[in-house]
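> Got a structure for you, written out below as structure tokens; questions coming shortly.
We did not get these values from a lab; they are worked out from the coordinates using the rules stated. Nothing here was measured: the structure is a model prediction, and the numbers come from that model. As a convention, Cβ positions derive from the backbone with ideal geometry for all residues, glycine included, and neighbour counts pool all protein chains shown.
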Amino acid sequence: MHNLTLPMQELLLHNQYLKGIKQGLAHTTIFEYIAFKSLERYEFRVKDPEEADLFYVPLFAALFNGLKDYANIDTIIIPQLRAFGKYFDRYGGVDYAFIQMLFSQDNIPITVHQQKTLASMITLGDLNYNYSKYQMRESWRNVNFPLTSNIAQQFEIKPESSRHISTFFIGQINLTDFDTVAAPIREGMANVMRVIPHSIVIDARRYDPITGVYSYNFSRMMSNSKFCCVPHGDGPTTKRLFDTFRTLCIPIVLSDEIKFPFEDLFINYPEILIQIPAFEPDRIPIAMSIPSTKRKLSMKKNMIRVSHLLEQKFDYNIEKGNLMWGWLWVHYFKLSTVAASKRRTLLQSRYLD
């Protein structure tokens, strides 16, 4: 593996990521930085690009959300890669890996068009389930990864009676910035939750200094909740899902298009969450009533069991069962096919003489 560094990206990571780490507020998309630092120390990293099977490009694309012109793949990034040498064009970019820990949209470096046409391997923070199911040739290159939770993992499973909130949600209800289906899903969910006894719904306004999410001690409220509703957000995935695993609050997911990280590979999600149709919030009370006490206990134990795989750690070590180990394994299967083609030396055919 060869680790490329682009000057603008290196400057940005210090300004955006490192300050947050020092303050204990890891950015939602911090995996881009963790991957960069981990691969710097990777034992199979090579200095000679001729020996590399995979070229990792620390793009830090999520930090250019709304600023695509400063990290445009076609006009800025690929020309820099070509200036580095012949390697990007040698195999059409199939042996390159990019990470963008947000969903693709029009004003971010890896747009929907790039997601479909860029030959390189792409790690995204959000991936549409139907896309991964019906666009198999394209999605073979793509993988989605967990967003960062800043909440410390709970390992002690408290008695059910100590969780006094029946179901909990915090977030913006009238969410219309990117995905038009988010608002009706959230409004329907909130209306149902408000009539459930002992439930809490907090309509936290984004970027508002008074009613913003971080004005509330929401991690404590989640830790004292039996269930946490997780609706469709700006994209199918939402950061709050990963907060539920950390607080052992059983998530009820209302997002039809969500693609879970490591789904059916390392994690069996029916063992740690409940999913109901996004536009059928009336099922929330039913979903709350179905799991037995034994089942709830099992789900929480499984959340703890997968916590190591989902945790964003800042020791930058690659060890069995952690997040970077998972990233490398996912890419290993793809890379094996690419590397086999790159390394093969064909004999001259006698039919071409």
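> How far is helix 182-193 tilted off the main Cα axis of the chain, in degrees rounded to 10, range 0 to 90?
30 degrees
> To continue, here is another question. Could you point to the residue in Leu67, Pro49, Pro79 farthest towards the positive end of segment 36-105's charge dipole, with +1 and -1 charges on the Cβ of Lys/Arg and Asp/Glu respectively?
Positive-end residue among those listed: Leu67.
> Hey, can you grab everything whose amide H is under 5 Å from the amide H of Ser199? Only 5+ residues off in sequence or another chain; H modelled, so Pro and N-termini drop out.
Residues meeting the amide H criterion: Ser166, Thr167.
> Given H placed 1.01 Å from N in the peptide plane, which residues other than close sequence neighbours of Val230 have an amide H under 5 Å from its amide H?
Ile252, Val253, Leu254
> Hey, with R₀ at 30 Å, roughly what FRET efficiency would Asp106 and Ala83 work out to, going by the Cβ-Cβ distance, to 0.05?
Once rounded, the FRET efficiency stands at 0.65.
> Rounding to the nearest 10 and keeping the result within 0 to 90°, find how far the Cα-based axis of helix 293-310 lies from the longest principal axis of the chain.
Roughly 30 degrees between the two axes.
> Using DSSP to call loops (not H, G, I, E or B), can you name the trypsin sites (Lys or Arg not before Pro) in segment 308-340 whose Cβ has at most 15 other Cβ atoms within 10 angstrom?
Passing sites in segment 308-340 are Lys313, Lys320.
> First select every other residue whose beta carbon is under 14 angstrom from the beta carbon of Pro277; then total the charges, Lys and Arg +1, Asp and Glu -1.
Once all neighbours under 14 Å are counted, the net charge is -3.
> Moving on to the next point. In debye to the nearest 20, how big a dipole does the chain give about its Cα centre with +1 on each Lys and Arg Cβ and -1 on each Asp and Glu Cβ?
Value, rounded to 20: 860 debye.
> With point charges of +1 on the Cβ of Lys and Arg and -1 on the Cβ of Asp and Glu, referenced to the Cα centre of segment 104-164, which listed residue (Tyr131, Asn144, Ile108) lies farthest in the positive direction of the dipole?
Tyr131
> Read through the labelled values (i) 16.8; (ii) 23.7; (iii) 20.2 and report the label of the one computed as mean projected area of the Cα convex hull in nm² from the structure.
Given (i) 16.8; (ii) 23.7; (iii) 20.2, the structure-derived one carries the label (iii).
> Give me the net charge of Gln100's neighbourhood, meaning all other residues with Cβ under 10 Å from the Cβ of Gln100; Lys, Arg count +1, Asp, Glu -1.
-2
> Starting from the Cα gyration tensor of segment 81-214, multiply each eigenvalue by 5, take the square root, and state the resulting semi-axes largest first in whole Å.
39, 18, 15
> Sticking with this one: I need Ile99, Ile173 ordered by Cβ neighbour count within 10 Å, fewest first.
Ile173, Ile99
> Can you pull out the trypsin sites (Lys or Arg not before Pro) in segment 165-224 whose DSSP state is coil and whose Cβ has at most 13 other Cβ atoms within 10 Å?
Passing both the DSSP loop test and the Cβ count: Arg194, Arg206.
> OK, next. Just flag the trypsin sites (Lys or Arg not before Pro) in segment 57-107 sitting in loop per DSSP whose Cβ has no more than 10 other Cβ atoms within 10 Å.
Listed in order of number, the matching sites are Lys86.
> Oh, and also: Pop out the Kirkwood hydrodynamic radius of segment 160-310 from its pairwise C-alpha distances, inverse of mean 1/r, in Å to one decimal.
Its Kirkwood hydrodynamic radius stands at 15.5 Å.
> Which FRET efficiency, nearest 0.05, do Asp48 and Lys320 yield, Cβ-Cβ r, R0 25 Å?
With a Förster radius of 25 Å, E is 0.35.
> For Thr337, Thr211, which order do you get if you count the other beta carbons within 10 Å of each Cβ and list the fewest first?
Ascending number of Cβ neighbours within 10 Å: Thr337, Thr211.
> Can you put His198, His232, His331 in order, fewest other beta carbons within 10 Å first?
Ranking His198, His232, His331 by Cβ neighbours within 10 Å, fewest first, gives His198, His331, His232.
> Okay, moving on. Using the Karplus curve 6.51 cos²θ - 1.76 cosθ + 1.60 with θ = phi - 60°, work out ³J(HN,Hα) for each residue of segment 164-175 in order, rounded to whole Hz, and write x for Gly and Pro.
8, 8, 6, 8, 9, 8, 9, x, 7, 7, 8, 8
> How far, in degrees from 0 to 90, does helix 31-40 lean away from the longest principal axis of the Cα atoms of the chain, to the nearest 10?
Taking Cα atoms only, the helix is inclined about 40 degrees.
> Tyr96's amide H: which non-local residues (gap 5+, or another chain) put their own amide H closer than 5 Å, with H modeled 1.01 Å from N in plane and none for Pro or chain starts?
Those qualifying (amide H under 5 Å, at least 5 residues apart or on another chain) are Phe55, Met121.
> Given axes a ≥ b ≥ c from the Cα gyration tensor, I'd like to know whether segment 187-249 is rounded (a/c under 1.5), prolate (a/b larger than b/c) or oblate.
Rounded.
> Taking the dipole about the Cα centre of segment 160-310, with the C-beta of Lys and Arg at +1 and of Asp and Glu at -1, give me whichever of Asn191, Leu254, Asn302 is farthest to the positive side.
The Cα lying farthest towards the positive end belongs to Asn302.
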